[in-house]
Structures are given as C-alpha cells and as structure tokens.
There are 2 protein chains.
Amino acid sequence: MSSAEAASPIRFRPASYSATQSRTIEAALVLFAEHGVSGTSLQMIANTIGVTKAAIYHQFKTKDEIILAAAEVVLTRMEAAVDTAEAEKSRSRAREVLIAELIDLAVERRRVVSILQRDPVMVRFLEKHEPFVRVMERLYRLLMGDHAGAEARVAAAMLTAAIAGAVIHPLVLNLDDEALRSELLHLALRLFQLPD
Amino acid sequence: MSSAEAASPIRFRPASYSATQSRTIEAALVLFAEHGVSGTSLQMIANTIGVTKAAIYHQFKTKDEIILAAAEVVLTRMEAAVDTAEAEKSRSRAREVLIAELIDLAVERRRVVSILQRDPVMVRFLEKHEPFVRVMERLYRLLMGDHAGAEARVAAAMLTAAIAGAVIHPLVLNLDDEALRSELLHLALRLFQLPD
DNA sequence: GTCTATACGCGGATAGAC
DNA sequence: GTCTATCCGCGTATAGAC
C-alpha cells in the first residue's frame, strides 16, 4: 500500500530466467506435450538437455516450479491479450480483438497452449493459481458479455476448447502457421456470428 | 479367412465384463478425469472400490488393459455412430447425423469423451490402437468430405476438440444434459453452415 | 476372488564433493 | 553449476495362502 506499484493491478511476474533455465523449460514443454505433465520425470528433462537430475534441482526447487514456469510462457501473453481487448470501446470490437489475439498466441505456441487447457495435471494446477483464475474470468466475461445465457456459455466453452485442441490436431499438422491462423479466425468469427 | 465372420468388417469387441470389472472401469474413469491416466495408480482405483491392488490384477492383467477397457466404453458407440452416418444417402445428411450422434454421446458420457481426446497418455495409447485409428479416419472423412482443403481440415479439428472440451468445461457445469445438447448442436451446425 | 507379503524399479528430493 | 551418491515412498506387478 506504500509504493506506486500498489495502485496497478497484480500481474504475472515471470522471473527472468537464465539460459539454462530456459532450456529446461523448453525441454519440459516438449515432454509435457508428449507424455503429459505427470508422465514426465525430472530424469527425462535432465536427459534431454544433457545434465543430471541434481542440476535441474539447482535451477528449480521443485517440479511444481517447472510446471509454473512452463505455464507462464503463455500466461503473460494471455493477460496482455485480455488487457488489450478490455481497452476497446465496444463489446463486439473487444471480442473480435480478443479472439484474434488468442488465435495468434495459440498458433505461435501450439504445444504450450494445448497443454495448458488439456493436460489434467496442468488444469488442476492452474485452477489453484489465482492470477490465472482471474485472467480466465476476465477472458470469459469478454467472450460472453455480462448476461451469460446457455448459448453464450456453450459458445465460449467451445471456442476456447476448439482453439486449444485444433492447433495440435493431427488433421492440421501440415498447415503452416499463417494458413492455420487465418482459417481458425474465419471459423471462430463464424461461430460467434461476428463480421469476417 | 475360413469363417463367415471374416466377411464382415472388423469391429470393436468389448469383452463382456463382470460386475466387479465394470466397477473397476467406472472408478478408473472418474480418477482418470481427475488426475489424468498417468497420475492414476491401481492403488487409487482399488481404494475407490474397496479392494486391494491384487484383486484388481485378478480382473485385468495390466494397467493398459484397464485403459483400453475404459476407452472401449465409448469407442463402440463412436463406431456405431459412424456406421449410421455412412448409411445416409447424401453427404450433408450423413454429416448432420454424425454431428448429432457425437454430441449425444459426448453429453451423455462427458468425462469419458474428454479423457479420450485430451489426456496425453490416452491419446498416445489410442494412436497405436488400430481399430480406433480406423474409426477416426472414417469419422474425419465424413466431416470433411473427400477433398480436404484447409478450411475443412480446420473445421473438423475444431469441431471434435470443441465437443470434447466443452462438455467438461467449467462454464457449462451447471447446464443440464438437454440444454447442453441442444446448444452444442445448434452451434456445431452453425460452424459447419448446416441447416438448424 | 480376495487377501498379505514382497520384488524391483523409478519417482521426487537432498547432501556434499568438485 | 554440475556431479555422484543416497534417501524414502510409491509405482507396477507377482507369489502364494485362504
């Protein structure tokens, strides 16, 4: 309450990671996508980047810290997308901006986004992570508007699941980022009956 | 090649399970949804139904057999849905029927369908399960038609992900089955530009 | 069919040398 | 920062009694 910072909303503050920490996180993300979070051991991560388990523990105190660091790769960008959308004047414009930003993010970081929304361990983990929960509440409010009827709820649920699921779907494996991005946007706007 | 059966297409043949086996499968499904497949131990399953691990091993030789049995709960119904759709005369009618059947199934067995499509271990498992792969190929062909352009691929990927993801989404937790079913169908048809 | 008991390996995590 | 070595618990799986 004493500093100027206290006035600004709480944000994610991803620690700035060393080069080795970043390698650990990237290795973890690949393995999480392949074997699931719970099926990925610290030994597997250590082998991938060519060090021992103990070296990993020097960089992160627990496995949970690695999971969180992996999630934060995307969480900061999701929060930024919600910020940008909320700054728009009209609701429908905010919705359009948010959908476009979410799709950009999902296409750019296909694996991470899918892990966040689909891996059972990651989902449980994030449910207890307050900053994440707050961002998701803002995101859903933007997608649904204030009066959340059944159709709005189902549409928002379908959209987020569709984006996260589609980007790693076998059917779109051969599409380049730009093609995938544009088709996803096109179809997402159709789902929400927004102008294309 | 010698019997009459050889002429009919290969189908799933879920073994008929004893009452205790069925209890094991149902308990496994609940735990898989909560902790993920890899995060669910035989001990947890045994505790849930009130027996010891050894008793579980009497019913199923390995954990993989339990995973398969759990998957088959839904796989047989998916195959039946594809059969029904393929019997339709027109392509668009086949697509409508398939989408409606898939949504019915997903709403009825929300947890199972989501596990099948989202759990990393289950996904890897089913990729190597030939009968499943074959059914999915037929399903995608029905959804996309023969000329699989980028839009058709992305639309099919979004639809399957959206259905599986939406039915267990926190936003729709309070919707009863009938409301969820009807909204899902309505929005799925809009995504595919089919008559409602 | 269910139990107790046990084998064996791998999981996360720590201590202490270099 | 990375290593070797080690702790302890839990994972799958099996043997054999009741």
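FYI, it's all coordinate maths here, none of it is from the lab. Quick caveat: nothing in here was measured; it's all calculated off a predicted structure. Because the Cβ atoms are built from the backbone with ideal geometry, glycine has one as well, and the counts that use them run over all protein chains shown.
In whole Hz, with x marking every Gly and Pro, tabulate ³J(HN,Hα) for segment B:84-100 from phi via Karplus 6.51 cos²θ - 1.76 cosθ + 1.60, θ = phi - 60°.
4, 5, 5, 6, 5, 6, 9, 5, 5, 5, 4, 5, 4, 4, 4, 4, 5
Build a GNM of chain B with springs between Cα atoms under 10 Å: which of B:ASP104, B:ASP119, B:ASP176 gets the top mean-square fluctuation?
B:ASP176
Quick check: the distance between the Cα centres of segment A:171-196 and segment A:31-78, to the nearest angstrom?
31
Shortest first, in nm, what separates the label point of A:HIS186 from those of the same position in the other copies (7 Å along Cα→Cβ)?
Here the equivalent label points are 2.7 nm apart from this one.
Would you mind giving the mean number of other chain beta-carbons within 10 Å of the Cβ of each residue in B:29-41, as a whole number?
That works out to 3 on average.
What order do you get for A:THR40, A:THR76 when you list them from fewest to most C-beta neighbours inside 10 Å?
Final ranking by Cβ density, sparse to dense: A:THR76, A:THR40.
In a Gaussian network model over chain A where Cα atoms closer than 10 Å are linked, find which of A:ILE25, A:ILE49, A:ILE103 has the largest mean-square fluctuation.
A:ILE49
Which whole-angstrom value gives the distance between the alpha carbon centres of segment B:94-115 and segment A:112-143?
Value for the Cα centre distance between the two parts: 24 Å.
Let me confirm one metric for peptide B:147-155, namely the mean number of other chain beta-carbon atoms within 10 Å of its residues' beta-carbons.
The mean count of partner-chain Cβ atoms within 10 Å per residue comes to 6.
Determine Rg/Rh for segment B:93-137; Rg is computed over alpha-carbon atoms and Rh is the Kirkwood hydrodynamic estimate from the same atoms.
Result: Rg/Rh = 1.03.
With a ≥ b ≥ c taken as the square roots of the eigenvalues of the C-alpha gyration tensor of the protein assembly as shown, please select rounded if a/c is under 1.5 and otherwise prolate if a/b is larger than b/c or oblate if it is not?
In terms of gyration-tensor shape, oblate.
Rounded, prolate or oblate, given the Cα gyration tensor of chain A, with a/c below 1.5 counting as rounded?
oblate
In the protein assembly as shown, how many lysine pairs have Cα atoms under 29 Å apart, counting only pairs 8 or more places apart or on different chains?
Within the protein assembly as shown, the lysine pair count is 13.
Give me the percent relative contact order of segment A:70-191, please, defined on Cα pairs under 8 angstrom at least 6 residues apart.
Relative contact order comes out at 31 percent.
Show me, for segment A:35-52, the HN-Hα J-couplings you get by feeding each phi into the Karplus relation (A = 6.51, B = -1.76, C = 1.60, θ = phi - 60°), rounded to Hz, glycine and proline as x.
Using θ = phi - 60°, the values come out as 10, x, 5, 5, x, 9, 9, 4, 4, 4, 4, 4, 4, 4, 9, x, 10, 9 Hz.
Using a ≥ b ≥ c from the Cα gyration tensor of segment A:138-190 (square roots of the eigenvalues), is it rounded, prolate or oblate, where a/c under 1.5 gives rounded and otherwise the larger of a/b and b/c decides, a/b for prolate?
prolate
Specify the residue with the greatest mean-square fluctuation among B:ALA179, B:ALA71, B:ALA162, computed from a Gaussian network of chain B linking alpha-carbon atoms under 10 Å apart.
In this elastic network of chain B, the residue with the biggest mean-square fluctuation among B:ALA179, B:ALA71, B:ALA162 is B:ALA179.
Only counting other Cβ atoms within 10 Å, I'd like A:LYS61, A:LYS89 sorted with the fewest neighbours first.
With the fewest neighbours first, A:LYS61, A:LYS89 line up as A:LYS89, A:LYS61.
Among A:SER182, A:SER38, which comes first, then next, by fewest other beta-carbon atoms within 10 Å?
In increasing order of surrounding Cβ atoms, one gets A:SER182, A:SER38.
Work out the mean other chain Cβ neighbour count within 10 Å for the residues of B:185-195 and drop it here as an integer.
The mean count of partner-chain Cβ atoms within 10 Å per residue comes to 3.
Pop out the ³J(HN,Hα) list for segment A:133-149 in order, Karplus 6.51 cos²θ - 1.76 cosθ + 1.60 with θ = phi - 60°, rounded to Hz; leave Gly and Pro as x.
Karplus values, whole Hz, x for Gly and Pro: 4, 5, 4, 5, 4, 5, 5, 5, 4, 5, 6, 9, x, 7, 8, 8, x.
In deg cm²/dmol and to the nearest 500, what is the mean residue ellipticity at 222 nm of chain A if only DSSP H runs of at least 4 residues count, each as -39500 (n - 2.57), divided by the residue total?
My calculation for chain A gives -22500 deg cm²/dmol from helical runs alone.
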